[in-house]
Amino acid sequence: MTTITLQDNILSKDEIRKKTAKPLLWIGIVSIVMFFGGWTSAVIVSKGASSNWLNINLPISFTISTIIIILSSLSFHYGLIAIKNNKTSQLKWSVIITLLLGLGFVLSQYLGWKELYQNGVFATGSKSTSASSFIYLITVFHVLHLLAGIISLIIVGSKSFLEKYSSQNTLGVELSVIYWHFLGGLWIYLFLFLKYIA
Amino acid sequence: MSTHHHHDQDFLFKYVFSTDHKMISKQFLITGFIMGFIGMIMSTLFRLQLGWPGESFWIIDKLLGSWAENGVMAPDKYLALVTMHGTIMVFFLLTAGLSGTFSNLLIPLQIGARDMASGFLNMLSYWFFFLSSVIMLISLGVEGGAASAGWTIYPPLSALPQAIPGSGLGMTLWLISMAIFIVSSLLGSLNYIVTILNLRTKGMSMTRMPLTIWAFFLTAIIGVVSFPVLLSAALLLIFDRSFGTSFYLSDIYIGGQVLEHTGGSPILFEHLFWFLGHPEVYIVLLPALGITSEIISTMSRKPIFGYRAMIGSMLAIAFLSTIVWGHHMFVTGMNPFLGAVFTFTTLLIAIPSAVKVFNYLTTLWKGNIKFSPATLFSIGLVSTFISGGLTGLILGDSALDINVHDTYFVVGHFHIVMGLSAIFGMFAGVYHWFPKLFGRMMNNRLGSIHFWVTIVCAYGVFFPMHFLGLAGVPRRYYTNSEFPLFDNLMDINVLISMFAIAIAFGQLLFLYNFVYSALRGPKAPQNPWESNSLEWTTPVEHIHGNWYGDIPEVHRWPYDYSKVDKNGEYIGGKDFIPQTTPLFENETEEAH
């Protein structure tokens, strides 16, 4: 196969990435929104069709999780502003704190599932209902998506310790921040939905 | 072509794990066609059973073996074949095969890009598709047979592994295959949308894009919005089947045993499924409509009539497709008021559809039409889009639908409006862009014979089905010979089956033409159809990056055919002006 020389007016691979990475992420986010939208609509349909829908009190841990994830979004955003001003050490701290808060969120969710289980709310089996299964399913799949965010945090963290970012090169941080904010927003929606509508 | 080879890619990366959109396009095409041929053979086999129920056939004996004792298809295997035929045709041929082939081939070439936004994601998209195809085919061979609940896999049949033989491992593999398929489709759609939005060449504004690109763009958007919902539905089904949840199940007895499922609703699945399922119709149809728009304009040597109306109607169809899913569920005990709402939104689709048909006909009107096989299939699409669309008005009306629901009327309707239209669009696309795909020309005469055999036999198969449906013959039944009231309709089934056999043989013409031309066909000239769009400015043989040197700049829309000046002379001296030609003196850009 013949290769060709790229002319000046043609985008290089790096430029194509700069131009397309964010739109790719945003459209990916749309598909995740539709995925959870499918399930939350399913809850509404199931609730409407059921004569004995179980109203479940959410554990207090889920409220704590909400506070944690809001804080993590703030700390990560602080890091983005820092790197845009070329303050690399502040980015490192921001990523570490965000990572710890992210792991704290996962732990808090786990405590929430434990509490639900102890209160006799089961995900599967003969004692479960679709109301109880939905709570586990939706929260667990949110955490699965969050794990992707944690992986991206680890990547951004390692790269920031290797001094790969500067005020001229923030794309990786921006992508990770967008996804992380999205996970926070998604959780707030899911939390309010489960608390007031389900 | 330069003989200087910089770095020869080895075979593996050139032909197998290629990130080049043109190679990925061919991979989608060939995989899609293989799946399509398998799906077609399945339909021919079960048409033998429907036309001559209970008779022994040598071919069924040879092909199905233990699925057909003494050459008579077993009833549960009939259900498996119907299910797999539907799944393969809708998803593997007409979604991945059609959209995957032409979006990949044409998006970078027609908008002037070196490749897709992410070649790597594009490669992954193909290989996920390949993997899901393999799993779907493997499911045919498992104990108990392939999934048998119909391509719509309604619970509880699909949710209880012990329900029927096909609800077991076959159903599990179906779900796994489809989950992988959805990932493939999403990766592809992401790429298509971002490439179109961000990598257009200079001068290629959104309203200078060929209508093919608009169609692929909107198809990808519908895919991104609706496929995730099918994934969420499939996951709930997997949990119900394997992990003891009750999302779709409640108060079920099976074999005298009470099952411990409470609180779920099988209707929930229908809502989620059809939220994808209806937009899926347009995921299948829009690329075909886009391809047709391009071909009809090029081959009738006239600008497309109502370019903006075409875009507007596609936007309207894309939007409406997401709010009509309830028309598949009129008989689920839906509130009649809600039924009326869905009837209203459904019938609204008739308006943009009629706009498109009108524009196709007015583009053809008084055109200097060149009847290539691509033109014929495009006009065939307009025909099936009308005749299949008209019965949609009956099925979209909640009061009328109840009479023909789940009968052959529905089968006739969707095969014509969705199946035939989409496959005609796909054939048209293959005949038209074959020179771009393989650098060689297909045989026109064989192509024309292929068209006439196909359209006559296709109407022969699906048109009589409407009469069966109006007489009340239910779809998906293994045989209707137990019902005396249908006895006098049996001859219609024989006729349909004969046409089905004929159409299957007709496709061998295409297969031969395709394979022979790809290997031995005459070399393609630079611009065989004298078309305006950018893909014909690339070298005939495929190169990495699509253009030597700079990407061409675009100065006009792609439909400047037979443009004349005040004296009635062709501007530029020919009946076409490529998009790369700057405006001539005293020429104004078409106010399209």
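Ranking B:Ser205, A:Leu162, B:Thr332 by how far each Cα lies toward the positive end of the dipole of the protein assembly as shown (charges on Cβ) leaves A:Leu162 at the top.
For a modelled paramagnetic label at B:Thr332, 7 Å from Cα along Cα-to-Cβ, the residues of segment B:154-185 in reach, with backbone nitrogen under 16 Å, are B:154-159. For chain B, the dipole from Cβ point charges (+1 on Lys and Arg, -1 on Asp and Glu) about the Cα centre works out to 1200 debye, to the nearest 20.
The mean sequence separation of alpha-carbon pairs under 8 Å and at least six residues apart, normalised by the residue count of chain B, gives a relative contact order of 15 percent. Net charge near B:Arg301: determine it from the other residues with C-beta under 9 Å of the C-beta of B:Arg301, scoring Lys and Arg +1 and Asp and Glu -1. Here the charged neighbours net out to 0. Protection proxy ranking of B:108-120, B:392-404, by the mean of other Cβ atoms within 10 Å over each peptide's residues and highest first, is B:108-120, B:392-404. What residue among A:Gln90, A:Gly48, A:Leu192 has its Cα farthest toward the positive end of the dipole of the protein assembly as shown, where the charges are +1 on Lys, Arg and -1 on Asp, Glu, each on the Cβ? Among A:Gln90, A:Gly48, A:Leu192, the one farthest towards the positive end of the dipole of the protein assembly as shown is A:Gln90. Taking every residue in B:244-253 and counting other chain Cβ atoms within 10 Å of its Cβ, the average works out to 5. The separation of segment A:53-74 from segment B:274-318, counted between C-alpha centres, amounts to 46 Å. Radius of gyration over Kirkwood radius for segment B:142-276, both on Cα atoms: the Rg/Rh ratio is 1.16.
Here the Karplus relation 6.51 cos²θ - 1.76 cosθ + 1.60, evaluated at θ = phi - 60°, turns the backbone of segment B:299-308 into coupling constants of 7, 9, 6, 9, x, 4, 7, x, 4, 5 Hz, with x for every Gly and Pro. Using a 1.4 Å probe over protein heavy atoms, the accessible area lost on pairing B with A, summed over both chains, comes to approximately 3700 Å². Restricted to Cα atoms, segment B:22-573 shows a radius of gyration and a Dmax of 23.6, 86 angstrom.
Working from label points 7 Å from Cα in the Cα-to-Cβ sense, the B:Asp575 to A:Ile188 distance is 6.2 nm.
Summarising the amide proton neighbourhood of B:Thr407: residues at separation of 5 or more, or on other chains, whose placed amide H is nearer than 5 Å comprise B:Arg475. When each of the peptides B:87-97, B:422-432 is scored by the mean number of other C-beta atoms lying within 10 Å of its residues, the order from highest to lowest reads B:422-432, B:87-97.
In this calculation the C-beta distance from A:Asn86 to A:Ile178 is compared with R0 = 35 Å, giving a FRET efficiency of 0.95.
In chain B, helical runs assigned H by DSSP with n ≥ 4 each contribute -39500 (n - 2.57); averaged across all residues and rounded to the nearest 500, the mean residue ellipticity at 222 nm is -19500 deg cm²/dmol. Could you please state how large a percent of the accessible area of the protein assembly as shown is carbon and sulfur, counting protein chains only and using a 1.4 Å probe? Answer for the protein assembly as shown: carbon and sulfur cover 67 percent of the accessible area. Projecting the Cα atoms of B:Val134, B:Pro522, B:Met123 onto the charge dipole of the protein assembly as shown (Cβ charges, centred on the Cα centre) puts B:Met123 farthest toward the positive pole. Proximity of backbone amide H atoms, modeled 1.01 Å from N, is registered between B:Arg440 and B:Ala524 at under 5 Å, excluding neighbours fewer than 5 places apart on the same chain. Ordered from highest to lowest accessible area with the whole protein assembly present and a 1.4 Å probe, B:Ser139, B:Ser242 read as B:Ser242, B:Ser139. About its Cα centre, the dipole of the protein assembly as shown is roughly 1380 debye, where the only charges are +1 on Lys and Arg Cβ and -1 on Asp and Glu Cβ. Within chain B, what is the longest stretch that has no GluC sites (Glu not before Pro) placed in a DSSP loop and near at most 13 other beta-carbon atoms within 10 Å? That would be B:261-481. Relative contact order for segment A:61-197: what is it in percent, counting Cα pairs under 8 Å that are at least 6 residues apart? Relative contact order here is 34 percent.
The heavy atoms of B:Arg476 offer some 80 square angstrom of accessible surface to a 1.4 angstrom probe. Dividing the convex hull volume of the alpha-carbon atoms in the protein assembly as shown by its residue count gives 178 Å³ per residue. Under conditions of 20 °C and 1.002 mPa s, chain A yields 114 µm² s⁻¹ as its translational diffusion coefficient, taking Rh as the Kirkwood radius over Cα pairs in the Stokes-Einstein equation.
For the peptide A:24-35, the mean number of other protein chain Cβ atoms found within 10 angstrom of a residue's Cβ is 6. For the pair segment B:321-358 / segment B:230-251, the C-alpha centres are spaced 28 Å from each other. The charge dipole of segment A:1-138, taken about the Cα centre with unit charges on the Cβ atoms of Lys, Arg (+1) and Asp, Glu (-1), comes to about 160 debye, rounded to the nearest 20. Take the protein assembly as shown with all the other protein chains still there, run a 1.4 Å probe, and you get 40 Å² of accessible area per residue. Each of A:Asp14 and A:Gln118 was given a label point 7 Å from its Cα along the Cα-to-Cβ line. The distance between the two points is 5.5 nm. For segment A:64-69, putting each phi into the Karplus relation 6.51 cos²θ - 1.76 cosθ + 1.60 with θ = phi - 60° gives couplings of 4, 3, 4, 5, 4, 6 Hz, in residue order, rounded to whole numbers and with x for Gly and Pro.
Can you tell me the orientation of helix A:13-49 relative to chain A, as the angle in degrees between its alpha-carbon axis and the longest Cα principal axis, to the nearest 10? The answer is roughly 10 degrees.
Peptide packing for A:12-21, B:249-258, B:37-46 was compared via the average number of neighbouring C-beta atoms within 10 Å per residue; ordered from the highest value, the list is B:37-46, A:12-21, B:249-258. The length gained on full extension between B:Leu583 and B:Asn527, counted as 0.36 nm times the residue separation minus their Cα-Cα distance, comes to 18.1 nm. Across segment B:315-323, computed HN-Hα scalar couplings (Karplus, 6.51 cos²θ - 1.76 cosθ + 1.60, θ = phi - 60°) run 4, 5, 5, 4, 5, 4, 4, 8, 10 Hz from first to last residue, x flagging Gly and Pro. The mean number of partner chain beta-carbon atoms within 10 angstrom of a residue's beta-carbon across peptide A:116-126 is 2.
The values are calculated or read from the model by the stated rules, or taken from the named source; none is laboratory data. As the structure is a computational prediction, the values presented were derived from the model and not from experiment. Quick reminder, even Gly has a Cβ in these numbers, built from the backbone with ideal geometry, and neighbours come from all protein chains shown. For the accessible areas, the whole protein counts, side chains as well, though only heavy atoms, and no ligand, DNA or RNA atoms are used. Shrake-Rupley method; radii C 1.70, N 1.55, O 1.52, S 1.80 Å.
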